[in-house]
Each structure stands twice: as structure tokens, then as C-alpha cells.
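S.K.: Structure in C-alpha cells, see below.
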Amino acid sequence: MGKRRFSRLAVVSAVLAVCVAGIGISDASSGFPAPSAAPCPQSPTPQKGAVDKRTDATAVCYFLPEVYFTPSSGTVAVNQSFTFTLEVRYAEYGCSKTGAWSGSIATNSSGQYGPQSITVGPFGSPGTYTYGVSCGGLGGTNPGSTTVTVTAPGGGGPGSGGGSSCSENLTSQIHATFVSMSGVPASITAGGSFTASVTFQNTGACTWTAANGYRLGSQNPENNTTWGTSRGYLSASDAIAPGQSKTFTINAVAPSTAGPYGWGWRMVREGINWLGTPTNGSFTSISVTGSVPPQTVPPGVASFAITPTGRWTDDPAATAQWSCTNSTGASLAADSTAGGSWSGLPVSGSRALQPAPGGYTYTVTCSNNVGDTATAQSALAVFDAKERNVGDVRGGASLDPNNFDSVLKCRWKREENHDEIGLPFGLKAGGLKVTIDWCVSNGQIKRVARTVEELGANYPVSSWHYDGITSTGPCGVNCSDYVSLWGTNQTVKNIWLKGRWSLCATVRLIGSFCWRSFTATVGVRIRGDGTRARTYDNSAP
């Protein structure tokens, strides 16, 4: 009993536990081949045979297929579409579609599919639509689904685009009309700068927002960066409803060589189509005179920051904000394609950042018109909202052996206690399990022994990491020093221990970025008469 023992406990996914009833589906009704004769026990209590044979040849069983729909439900208006992500694991026989769609989904040789973004709709009438799959594998059959509620026109949720009958998928409903333009010179010296204002009215049915890809785009020629940028951006808070107008400010820098250069602008929904009328039918030609002498002052980055540096996937977007000096343009890029990249940016500006979960290092590059550059970097960590801690999951059990120790002349008692990190949807990110044995005689505690186990997450990939034990309470980790510290005449003692977990992402710029922490506390107040109380804290005595 005196040896310190740590074991990493891989808990079977709570999601799989919910789906245990799927094991009973007959092969004939599922349409899949018969499962292996040895599917893994779908019990939340780990068993020796609960190692999957797909990854360990010495294992004795196969896991059930895992099916993940994200989100599991949603609401849109008539004429709108709905997008969800589907991920499947351990389904070697593939999946059959159920509900509002039909057909099948093929998995790869490892039984995996996705994560794959899928868009359904637009929906022609109100109602409730369920898109489900039934997936088969070596461990059996398992279903999953997402439900879409379609409301009458105008009833779409946030991000639907606005307007009483807007559908972002109908290009006929997104339209813009040029209103006015000012501050544009007929001629300018090479390398000179000016500030122009361009106003467009929303004459479509959908509200313009930055998140939905609405921009001011350069014309004459299309998407040119002649004047230092090819885009004018809405702010993160802009929502230009049908009938409203938006004035964009363009900080333009003239080319470095003389000649006539085109000037023109038009609204665009990025990646979809150009909207309505341009600034003017024939556009404008600006005469650039002279030439720019070689620039002697190098460009610089006055400031660059991303706020906040950490966010959940369902939080508002983070904002990257920069300011360049002695520069004619800027670009912004992440260290991975998932984080995005943008060129032709103004020398001072901001961008909304909403990448997938992970750690990102963003680099802003300020440049002048002779090719000199200056850079600065900032970090952003994004965490899946399903890993948000929503409280403790605690419990315990009395497991008294009641065996008499003939050497110590006392009777042994035992209590098992655990504290885990609770997440949404019944998931758990890890925790501590402690077993305390104490020997009692004549109302006194004669000896104490403790063993500690670290509990792992009950879902496949966790961003929570175990940091170790932070406090052991009134005795050491295994309490082998109890007698030397407290003697053998104590009648009551609170035996407690604490361990720490951190929610972290790896960011190239700074290494490990830890955003949240959790302290698990397990404690039992033991008494010399053999009774006990679970305390979960370090309160006296």
C-alpha cells in the first residue's frame, strides 16, 4: 500500500456510452455486415479489454462507430440554407443517410470520414428537417443526426443576412447602387497620396456585414492594387441593411512612375459575385506625373496586436490591428493556411479573425514602393467551445475490506473518491481518482495509505493537459509519512490532495499558450471509528 502509483485511465467516450443501444441492432435491419464477435464493452468504467484492435493487435475488441454532427441543431428561414460539419470514425462499412436525405457515405480504409462541411437547402417551406446517418463498422452500428428548424420568411437566426426575405444564395437578392465619390484628383505626383470617399447604397434584400464577405472592390482593371489596396472593408460592427448606404474611406498612394492609371470601385461579395453598378460607367483615369525618388527611410511597423489572444469558437471574432510607417501597403498572413492570408491591405487597418481551433502566429508585413519590408508577429489561440469547463464531476464509494491487520492490531477501511473536469454534452477532460485506506483501533487512526490515479479525457483529442499534483494535504502523496507526522492516536483527519489541468494550444511564436486552468480536489475526512465524509476540499481538521 505504501508505493506511489499513477496510472493513465482512458475513459470510454460518453458519446459512445449513450449509443450502447445501437449494439442490439440486427445485421439485417442495419444493412451492414455482421459486427465482430468481440465489440468493445460500451461501459463508462474502463475494462482491460477496452483497447481498440484497430490500433493495437493485442487488443480483444473493436469500438463502435463514432458520429459527430456540428451543430446538432439549427434554425434558418425559408429560402435559406443550413451548413453543418459531419465527422465519422471507426465505420469501416460506411454510412447510410437517413431522414431528409438519402444515399450513402463512403469512409476511408480506416473507417473515417471528414470532418466535412455540408450545406443543405435552400428550404422552400417551414418545417423540421432531420439529416441523419447510420454507420457500420467492426464494432457494430451507430446513428447520429442534426435537426434543422425552418421558419417563415424573416425568421432566420443571427447571421442569416437580414432582410424580410433575404437568401445569401440568391445573387439576385444582393445588389448595390453607386451614390457618390469625392476627393479624387485629376492628376497627382508619383508616390503622392490622397484620401477619397466612395458611397454605395444597399439596394438588395440582404444586410451587408464583414462576416458575410461584403467588401468594396477595385475596378479598372478588376481587383487591381494600383493605388495601394484592392479592397475597402466594413468594420466588424457594420450592418448595412437594405436601403442604407455605406461610405468607404480609401487612403490611396499613387504609383511610382508617371502615366495614366485607372480608378474605379464596385461592391463585391467575396468569392460570390460583383454587386450592381460601379462608381461610374466609364470609370476615371488619373494622371500620375514625375517619378518617385528611391526611398531612403525604411518601412516600419508602428504597432500590431491581436485581441483577444485566446477565444472559444463561439466567441466573437478576434481582431488583428496594425499600423505601418514609411510604407505604401501591408499584408497579413498566418503560419498555416487554416488561419488565412490577405494582401493589398492599407498601411493602417484591422481584420476580423475566426479560424478553426488551433494555435496561430500571424505576421503583418509593411512594405514601401521599392520592395523594402518590415514585419511583426502576434499570436492567437482558438479553442473548441465543447472543451469549455462547466463545473466539477465528483463522486465516491465506500469499499471497506474490513480485514483485521494482525501486525498493526487494527481494522482497515477504504474510500474511493474522484473529481473530474466537466464539459458540455457529458464530456470530461480528465481528473483525479484517489483511494484512501486507513487502519482503525479503539477510535484511533493507526495508519493511512493513499494511491492516486490520473483520469484521462473521454473524447478522442483533448486540449486539456495534466500539470501534476499541486498540493498533497496533511501527508505525502501516498501518506507513508502519516505516522511520523501525526502519530497513531488521531481520532479524525481530513486527507486531501489537489491536481492541476491547463487548457493549452501550441503557438509557434510563443510555444505553449495556456488559456484556462482547473484544479481537481479530492478529500475524505476519515475517523478512528471507521466512518468518513467526502469533503472535496482542504478544510480543517
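S.K.: 5 Å is the cut-off here: which amide hydrogens, built 1.01 Å from N in the peptide plane, fall below it relative to Ala59, excluding neighbours closer than 5 in sequence?
M.R.: none
S.K.: Taking one equal scatterer on every alpha-carbon of region 300-383, how large is log10 of I(q)/I(0) by Debye at q = 0.22, 0.23 1/Å?
M.R.: So the normalised log intensities are -0.94, -1.01.
S.K.: Dividing the alpha-carbon Rg of region 387-534 by 2.2 N^0.38 Å yields what?
M.R.: Region 387-534 yields a ratio of 1.22.
S.K.: Additional query: Below 9 angstrom from the Cβ of Trp312, what's the summed charge of the other residues (Lys, Arg +1; Asp, Glu -1)?
M.R.: My count for the surroundings of Trp312 gives -2.
S.K.: Something else about it: Within the P(r) computed for region 342-407, what percentage of the Cα pairs occupies the region above 13 Å?
M.R.: 81 percent
S.K.: Here's something else I'd like to know. Would you pull out the residues with amide H under 5 Å of Thr207's amide H, same chain only if 5 or more places away, H placed 1.01 Å from N?
M.R.: Those lying under 5 Å, H to H, from Thr207 are Gly162, Gly163.
S.K.: A follow-up question, please. Nearest 5 percent is fine: what portion of the DSSP beta bridges confined to region 312-402 is antiparallel?
M.R.: 95 percent
S.K.: Could I ask something else about it? Hey, what does the equivalent ellipsoid look like for region 427-502, semi-axes from the Cα gyration tensor as sqrt of 5 times each eigenvalue, largest first, whole Å?
M.R.: Over the Cα atoms of region 427-502, the semi-axes work out to 31, 12, 8 Å.
S.K.: Next up: DSSP beta bridges in region 371-480, what fraction antiparallel, as a percent rounded to 5?
M.R.: 100 percent
S.K.: Two decimals, Cα atoms only, Kirkwood Rh: what is Rg/Rh over region 80-151?
M.R.: That ratio is 1.02, to two decimals.
S.K.: A further question on this structure: So what is the relative contact order of region 405-541, in percent, for Cα pairs below 8 Å that sit 6 or more residues apart?
M.R.: Relative contact order of region 405-541: 24 percent.
S.K.: Once the convex hull of the C-alpha atoms of region 340-457 is built, how many Å³ does it hold per residue, rounded to a whole number?
M.R.: Cα-based convex hull of region 340-457, divided per residue, equals 176 Å³.
S.K.: Wrap a convex hull around the Cα atoms of region 171-289, take a quarter of its surface area, and give that in square nanometres.
M.R.: Projected area, direction-averaged: 6.7 nm².
The numbers here are math on the coordinates, done by the rules we state, and not lab data. Note that this is a predicted model, so its numbers are computed, not measured. Reconstructed Cβ throughout: ideal geometry from the backbone, glycine too, with neighbour counts over all protein chains shown.
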